[in-house]
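A short write-up of the structure that comes next.
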Amino acid sequence: MIAPIILLSLLVYILQGIRWHYLLTDVGTKLRMRDTILINLAGQTITAIVPLGDLTRAAFASTADGTDFGTVAATVTVQELSYTLWLILSALPAILALGYGLAAVIPVAAGIALIIIVLTVSPVFCRFHDLVAHIPFLNKLLPALDELQQETSSLLHRRDALALSVLDAARVVVAVTTFWLVLQGLEPGRIGWWQAAFVLALGSIGGAVSLIPGGVGANEASVAALLIFLGFDAGSAGGAAIIQRGLMTGLSLILGFAAYLAINKRLQLGGIFQLLSHRPAPAQA
C-alpha cells in the first residue's frame, strides 16, 4: 500500500500547483507551469510547521516573477477557500448519514461564506473596513486588506477561475483516497470512502481552529477520536493519525526542500527561513 499512498500524496501537491498556476496566470504572472508546481512544493517546507506558512509560496512566486506580493497572496486565499469548501462538501454524505459533525461543519461553512461575501460584496466590505478602522493595531492592516479584497474579488468574479475550482475538487478526491488507503492498510473494510472524507474534513477543521502550526496535536487527536467513534481499534486509530501526520509534514518537508534546491538559484528565491521575518510587504492601496 505504501507506493500508491506516496504517489497519491505527491499528486495532491501537483494538482495544487496546477490549480495555482491558472490563478497566477489570471493575475498576470509569467511563470511556467513547471516552475509554479516546484514553487508550490518549495513552499510546503514552511507551510507544514508555521502558522500562515501557506503565504511562503506566495512570497516565493512574488520574488521569482516580480508580481506584487498582495496580488499573489490573493490567489492563495481563493485557492484555499475553494479547497476547504470542497473538503466540507465531501464530508456531507457521511455527516448526514451519521447525524454527527454538523456542529463543526456548519460554523466553518458559514465562516467561508462570510469571508467570500466580505471580499466580493463592496457595501459589506466597506462596513467591515469602517469597523477595522476603529480598532487599534488592526487599522494598520487596512492597506493590505484593501489590496487583498480588490484582488480576491477580481478573481472570484472570473468565470474561468471559478470553473477551474474543479481542480480543487480533484485535489480533495485524491487526498481523501490517500487517507482511505491508509485506513484500508490498517483495518481493511472497516469504513468506506465517504466516512474517510468525514474523518479527514473534521480532522482538518480541528487542526485549523486550534491555531497550532500545522494543526499538530489537534489534527491527530481529532482523527484518532473520529476513527474510534467509527469502530476502529484505538491502536489502529492512533497509527492512522501518525501516518497522516507523516504524510502531511514529513513528506511535504522532503519534497519541499528538494524542490527548493532545484529552483532556488535559477529563480533567486532567497533563503527559506529569511522569509519568516522578512516577508514582502503588500503594496499600498
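The values are calculated or read from the model by the stated rules, or taken from the named source; none is laboratory data. Computed from a predicted model, the values in this text were never measured in an experiment. A quick note on method: Cβ atoms are made from the backbone with ideal geometry, for glycine too, and the neighbour counts reach across all protein chains shown.
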Check your understanding: How about the stretch 83-110: which of its residues are of a type in the set (Gly, Ala, Ser), modelled with pLDDT under 80, surrounded by 13 or more Cβ atoms within 10 Å (Cβ to Cβ) and assigned to a helix (DSSP H, G or I)?
Key -> 104, 109
Practice item. Using the structure shown, decide if residue 116 is among the β-branched types (Val, Ile, Thr), over 26 Å from residue 154 (Cα atoms), modelled with pLDDT under 80 and in a helix (DSSP H, G or I). Key: no
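Does residue 72 satisfy the condition of being crowded, with 23+ Cβ neighbours inside 10 Å, out of contact with any Leu (no Cβ under 6 Å at 6 or more places or on another chain) and part of a helix (DSSP H, G or I)? Give the steps one after another, and end with the answer.
Values: crowded, with 23+ Cβ neighbours inside 10 Å: yes; out of contact with any Leu (no Cβ under 6 Å at 6 or more places or on another chain): yes; part of a helix (DSSP H, G or I): yes.
Yes.
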Check your understanding: Just for the stretch 49-69: of the residues that are β-branched (Val, Ile, Thr) and part of a helix (DSSP H, G or I), which one is nearest to the chain's Cα centre (by Cα)?
Key -> 56
**Study point:** Residue check for residue 22: modelled with pLDDT of 90 or more, touching a helix residue (DSSP H, G or I) at 6+ places or on another chain (Cβ under 7 Å) and of a type in the set (Phe, Trp, Tyr)
**Key:** no
Check your understanding: If you go through the stretch 111-147 one residue at a time, how many are aromatic (Phe, Trp, Tyr) and surrounded by 13 or more Cβ atoms within 10 Å (Cβ to Cβ)?
Key -> 2
